[in-house]
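The values are calculated or read from the model by the stated rules, or taken from the named source; none is laboratory data. Nothing here was measured: the structure is a model prediction, and the numbers come from that model. Glycine also receives a Cβ, built like all others from the backbone with ideal geometry; neighbour counts cover every protein chain displayed. Just so you know, the surface numbers come from the protein's heavy atoms only, side chains and all, with ligands and any DNA or RNA stripped out. Shrake-Rupley method; radii C 1.70, N 1.55, O 1.52, S 1.80 Å.
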Amino acid sequence: MPFATRGFSGRRGQADTRIPPGQTMVEKWPVLSAGPTPQVKTEDWEFTVHDETGTDHRWSWDELLALGVEDITVDIHCVTHWSKLGMAWRGVSLDKILQGVTSEHRYLMAHSYGGYTTNLPLEDLVGGKAWIATEAEGEPLHPEHGGPARLLVPHLYFWKSAKWVRGLTMMPGNDPGFWERYGYHIYGDPWKEQRYR
Ligand SMILES: Nc1nc2c(c(=O)[nH]1)N[C@H]1C(S)=C(S)[C@@H](COP(=O)(O)O)O[C@H]1N2
Ligand SMILES: [Mo]
């Protein structure tokens, strides 16, 4: 092969199995926000889970971190066709948040400071698949990337990873969130190219 060294084709071969169809790898991390960046201080930050009994489960910043943080290395895939591989994150597993919540409902709406919403099935937030991320690439999450805390649901397109997340509401049905109402796919599996409806 005159146009590719063995090293190049080897690297590409490895990356191909990690890049979903229609995606292109990026090195720099783009910022995509539908509105202005909310400025939320950790001392004011609060995370709330609302269930159908009317009970609110609340965590302050310190209470969140006291649940235990873990390091996660994952690939992220944006519906606008970029993927960033091997990102180092730190955060609290949503298993730790949701284990204390009893609900008959099987869907959730994630709510953000600033008003963004996105819907998710409960089964996609438990089982070691989703986190409240507080750090990325070795630094506290920058405000433009959702700091102080955002959802991290790397097996779905990145619009499901709500920045500036402030809570979850249990829902009986799979109601659409912000982008889903504008025609984004209700679920968003990057491996099935579930971009739009
Ligand atoms: N609150 C909030 N969360 C959001 C968004 C947003 O506009 N507001 N954009 C989503 C989209 S479409 C993407 S691709 C990612 C972008 O995250 P980044 O800016 O850290 O790359 O955040 C998602 N979460
Ligand atoms: Mo996106």
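Please enumerate the residues belonging to the range 50-87 that are at positive phi and within 16 Å of ligand 1 (Cβ to nearest atom).
Quick first cut of the range 50-87, residues at positive phi only: 54, 68, 81, 86.
Residues satisfying the conditions are 81, 86.
Mind checking whether some residue in the range 142-150 is in a helix (DSSP H, G or I), more than 14 Å from residue 111 (Cα to Cα), open to solvent by 10 Å² or more (accessible area, probe 1.4 Å) and within 13 Å of ligand 2 (Cβ to nearest atom)?
Yes, the range 142-150 has at least one match.
Which of the residues spanning the range 137-160 are over 18 Å from residue 59 (Cβ atoms) and near ligand 1 (Cβ under 8 Å from one of its atoms)?
Looking only at the range 137-160, we keep the residues that are over 18 Å from residue 59 (Cβ atoms), and these are 137-139, 142-145, 153-160.
Matches in the range 137-160: 144, 145, 157, 158, 159, 160.
Is there a residue in the range 121-138 that is surrounded by fewer than 20 Cβ atoms within 10 Å (Cβ to Cβ), closer than 16 Å to residue 50 by Cα and of a type outside the set (Gly, Ala, Ser)? Give the steps one after another, and end with the answer.
Within the range 121-138, the first condition is being surrounded by fewer than 20 Cβ atoms within 10 Å (Cβ to Cβ), and the residues that meet it are 121-124, 126-129, 135, 137-138.
So of that shortlist, the ones also closer than 16 Å to residue 50 by Cα come out as 121-122.
Still in the running and of a type outside the set (Gly, Ala, Ser): 121-122.
Checked against the condition, which is being surrounded by fewer than 20 Cβ atoms within 10 Å (Cβ to Cβ), closer than 16 Å to residue 50 by Cα and of a type outside the set (Gly, Ala, Ser), the range 121-138 yields at least one hit.
Of everything in the range 53-80, what is open to solvent by 60 Å² or more (accessible area, probe 1.4 Å) and either modelled with pLDDT of 95 or more or within 16 Å of ligand 2 (Cβ to nearest atom) (or both)? Give them in sequence order.
58, 62, 63, 65, 66, 69, 70, 71, 73, 80
Yes or no, residue by residue, for (1) assigned to a strand (DSSP E or B); (2) away from ligand 1 (no atom under 13 Å from the Cβ); (3) in contact with a His (Cβ under 7 Å, 6 or more places away or on another chain):
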site	(1), (2), (3)
89	yes, no, no
111	yes, no, no
118	yes, no, no
126	no, yes, no
162	no, no, no
173	no, yes, no
180	no, no, no
